[in-house]
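Below: the structure, in structure tokens.
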Amino acid sequence: MAKEVLSKENVHLNKALNNKEEAIRYTGGILADNGYVQDAYIEKMLEREDVISTFMGNFVAIPHGTEDAKEFVLETGISIVTVPEGVDFDGNTVKVLIGIAGKGDEHLDVLSKIAIVCSEEKNIQKIVNATSEEDIINLFDEVN
């Protein structure tokens, strides 16, 4: 049976991260630790960031691997990390990190769900202020 795309183990609340690289490594590490990606995927996430920032606006960054990182993806999954104090992404403050790993084209469905949730500022605030992993999972489950 396939893993859940977003499980409680993939949600880490109220972290303090010092910089963009640490934030990306932490977000990718959750995916690696929970069996969604091989460790090499994290390096591909950092490579992607060198090419183009994954900062999306509204305090959100969506770190993910480069096109050639697919070989390191074992299962489609996302990790969510909240950083209430914020972490600097090249002059932009990020409070919500959403790491993505997608098998084949499955990441497109995941991205559209994330885009819908993150398009509303009140949802970003709900994520940052979440007191439980379930709060965040429920917010994403509301989107079909």
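The values are calculated or read from the model by the stated rules, or taken from the named source; none is laboratory data. Note that this is a predicted model, so its numbers are computed, not measured. Backbone-built Cβ (ideal geometry, glycine too); neighbour counts: all protein chains shown.
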Given the residues Lys8, Lys20, Lys44, which is the only one that is at pLDDT 95 or above, of a type in the set (D, E, K, R), closer than 26 Å to Lys122 by Cα and in contact with a strand residue (DSSP E or B) (Cβ under 9 Å, 6 or more places away or on another chain)? Lys20
For Asn144, work out the one condition from (1) loosely packed, with under 13 Cβ neighbours inside 10 Å; (2) more than 19 Å from Val11 (Cα to Cα); (3) among the polar types (S, T, N, Q); (4) at pLDDT 95 or above it doesn't fulfil. (4)
Right, Gly28: farther than 20 Å from Asn138 by Cα and in contact (Cβ under 8 Å) with a residue 24 or more places away in the chain or not? yes
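What strands (runs of 3 or more DSSP E), lying completely within region 1-116, carry at least 3 residues that are buried (at least 20 other Cβ atoms within 10 Å of the Cβ) and not basic (Lys, Arg)?
77-89, 92-101
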Would a scan of region 90-98 turn up a residue that is without any contact (Cβ under 8 Å) to a residue 40 or more places away in the chain and of a type in the set (A, V, I, L, M, F, W, C)? yes
So Glu67 passes all but one of these: (1) among the acidic types (Asp, Glu); (2) without any contact (Cβ under 8 Å) to a residue 60 or more places away in the chain; (3) closer than 19 Å to Glu4 by Cβ. Which condition number does it fail? (3)
Look through region 83-120, keep the residues that are acidic (Asp, Glu) and closer than 20 Å to Ser7 by Cβ, and return whichever of them is modelled with the highest pLDDT. Asp109
Report whether or not Glu120 is touching a residue at least 60 places away in the same chain (Cβ under 8 Å), over 22 Å from Ile42 (Cβ atoms) and more than 14 Å from the chain's Cα centre (by Cα). no
